[in-house]
Structure formats: structure tokens, C-alpha cells
Ligand SMILES: Cc1ncc(COP(=O)(O)O)c(C=O)c1O
């Protein structure tokens, strides 16, 4: 089938929750994806930070295939080795925390919201229920996580959403201090805001949050769904600043393209969720967990975090050169391979031009071009995009 044939059929049967591009993808290998008409694109979005090892990485495919031939599913009433091994890797590389497995970022954040309330309920009383998040944050699309998300447009039309949330400007410690009340049980922030436009907080912000939360026994929760699994050049975004959270959520890149979500909590916090308090039928299924283990071990064995740091610096300096050339670029920023170019105009038309020229890039917050390539992207591929962007910018 061609792009047009797939799209025409989809128009009849798919609910239009996404403003989709007029293209259907049928195959991927490394950093390249091919559409149904056979056109190749270099993927600088990788899902949205999902295919961290690129498309169909042989180690991930092998792990999935082997597991699919061994055991697809058992209930979470039973233990499985792949789930245990992923939790062990995460615990050893994060803060010694314990994991709850689910299937997506929103579910991981739902688990975080629940553990925050339960921990506080057990330790204090039932009045300490409120959670503070940041303006322009993004935490998911379920009713609980749209309440957590600091963007009115994602809640509009779905009210009343879950009560007990307030939003403060990201990076503003004074605003957070003022927002905390005796009802606050947790603070939830992204270490770098992703959907909000790759916003890097001021130095000392996460540390300041840690201090405030410690003073009042409030849980500090980091949504690492976009920043986690290597994109910033560390396994987890918080590791840039060495500020350890009480709760961390992961999803997206963890299984390299299969659905997975994790809510990790420090051991004393994890105790709040005992048998019967939370669950998920598919959470931590053996196939997704085998993929996750392959992803994590490959990142480690191939020293990909160093590659991300080095290539991220190269990418950023290339974009900074473009900024000097084109005054309509108002900012260039990034951590590792989580990179953005802010414009004084809409970025959507540039995304379309990039697609015409064989590159998948993204625009968020209307004016921010966002790049989240697979961690295995090469310098040659980055340079190819820089040349293409130069050509696109020159037409403005
Ligand atoms: C920081 C962050 N949190 C949560 C989510 C929601 O994840 P999911 O779409 O897997 O539910 C996203 C997705 O973009 C995200 O970027």
C-alpha cells in the first residue's frame, strides 16, 4: 500500500487525536525510517525519545525474539526474571530505589501521584494530598496526569479534573516556596522540560527543591520520562546535578520502542504501596522487560552516554553557528542529544521542509524546533541535518 492508500483508510477508522503528517512509515533501521512510498528519512525524533538505540537494533530484536519464543506473559501474581533484572539495573544505576512496572509514561506518573498520596496518608493524615507541578510541564493524558500537567489546553473540556494540583513557574524557587502549604505532599517536575520546549532550569533549581522538600518531608518526584535513558548524556537527567529524588518515573526510551513504564521510589517510600494498593495486568511484561534489559546493557557496554555528551556538544555548537547567521533564532539550548532551537516565528513550516528533505524533526510550543535523535546517531548524520537546516533557514 502507498502512503495515500494507508492514510485514506486510516481517515475512516482512526480517531483524530493527533494532527498527523501525511506519511505512513513501514520500516526502520538504525537512524533511518522508510515510508510506504519508499522514501527514506533520518530520524531526529526517535519516536519521541523512544527508539534510543535507533530502529530495530539487532540486540533489541534478538532479545524480543528470544523472549517471545520463551514466555510472553504471566500475571503479576508471579515473579519473572526479566522484570527483576530491569529493576535491579535501574536500582543499581539510580538511587537504590525499588520499581513498579506499568506500560506508559502517564501510567508511571499515575503511580507516582498515588504513592505520594499514600505515603503522606500513612505518615501524616488524610489532609496532606496536594501536589505542586510546573507551568508548561507535561505529565500525560490520563485524567490524573492532565491535572498534573501545567498546561490549561490539555485539561480544557475534560473538567472537573483531579483536585489538589497547583502550578508554579518552572525554575522559580521563590514561587515554589510560596506555593507549598501544609496540604502539600509532593512536588513533581521534569529535570528538563521536554514538551515545554527543552527548558533547562537554572543551576541550583533541583537542589533548592530538594532542600525545600527535605525541610517539610515533602516527596520530590522527577518525571524522567523524556530525560531518562540517556538522552541528556546521563542515564537520568537528575544526574547532571546530583540531586536525588524520592520518586522517579520512566517510560519512552526504556524498552527502545516497546511499551513500558516504571515508577521508582526510595525504599522507605516504596513501602507505602503494599499488596492490593496498585497494579497493572501488562506492567513489566517479559517481552518489554527483555527489550529494556538489552537497551540498558547496550548503552552501558557501548559507552553511549559518552557518545551522547560528545556528539551533543558538537550538535549544539553547529546550531550556535547557525544562530549567529540567522537572527530569527532567538536561542539554542540542549543537554546531550536533547536539543532545541527557539525561533521568533512558527516552526511548523520548517518541520515540513525538513521532511521534504528527508529529516524527521519536531516543533513544540509553536516556536521551538526540538531534536531527540537516537543515541546512536552519527556525527555524519548530525552534520547532514545541520546543512539541511542551513538551507531551510536561508529561505526565511
Ligand atoms: C515528561 C513526560 N511525561 C509524561 C509523558 C507521557 O508519556 P506517555 O505518552 O507514554 O503516557 C510524556 C510524553 O511525552 C513526557 O514527555
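When residue 42 is tested against (1) at positive phi; (2) assigned to a strand (DSSP E or B), just one condition goes unmet, and that condition is (1). Against the criterion of being touching a strand residue (DSSP E or B) at 6+ places or on another chain (Cβ under 7 Å) and surrounded by fewer than 19 Cβ atoms within 10 Å (Cβ to Cβ), residue 83 does not qualify.
Restricting attention to segment 24-39, which residues are assigned to a loop (DSSP other than H, G, I, E, B) and surrounded by fewer than 17 Cβ atoms within 10 Å (Cβ to Cβ)? If the condition is that a residue be assigned to a loop (DSSP other than H, G, I, E, B) and surrounded by fewer than 17 Cβ atoms within 10 Å (Cβ to Cβ), then 37, 38, 39 are the ones that fit. Looking only at residues of segment 17-43 that are within 20 Å of residue 195 (Cα to Cα) and more than 16 Å from the ligand (Cβ to nearest atom), we find that the one that is farthest from the chain's Cα centre (by Cα) is 21. Of the numbered conditions (1) assigned by TED's automatic domain parsing to the domain that holds residue 192; (2) in a helix (DSSP H, G or I), residue 316 satisfies every one except a single condition; which is it? Result: residue 316 fails condition (1) only.
Of everything in segment 139-173 that is away from the ligand (no atom under 16 Å from the Cβ) and not in a loop (DSSP other than H, G, I, E, B), the residue that is surrounded by the fewest Cβ atoms within 10 Å (Cβ to Cβ) is 152.
For residue 18, the conditions (1) closer than 19 Å to residue 252 by Cβ; (2) surrounded by 17 or more Cβ atoms within 10 Å (Cβ to Cβ) are fulfilled apart from (2). Scanning segment 174-201 for residues that are under 27 Å from residue 337 (Cα atoms), in contact with a helix residue (DSSP H, G or I) (Cβ under 9 Å, 6 or more places away or on another chain) and in a strand (DSSP E or B) yields 187, 188, 189.
When we screen 53, 90, 72 for residues that are surrounded by 12 or more Cβ atoms within 10 Å (Cβ to Cβ) and part of a loop (DSSP other than H, G, I, E, B), the only hit is 53.
The values are calculated or read from the model by the stated rules, or taken from the named source; none is laboratory data. Because the structure is predicted, anything quoted here is derived from the model rather than measured. Glycine gets a Cβ as well: all are built from the backbone with ideal geometry, and neighbour counts include every protein chain shown.
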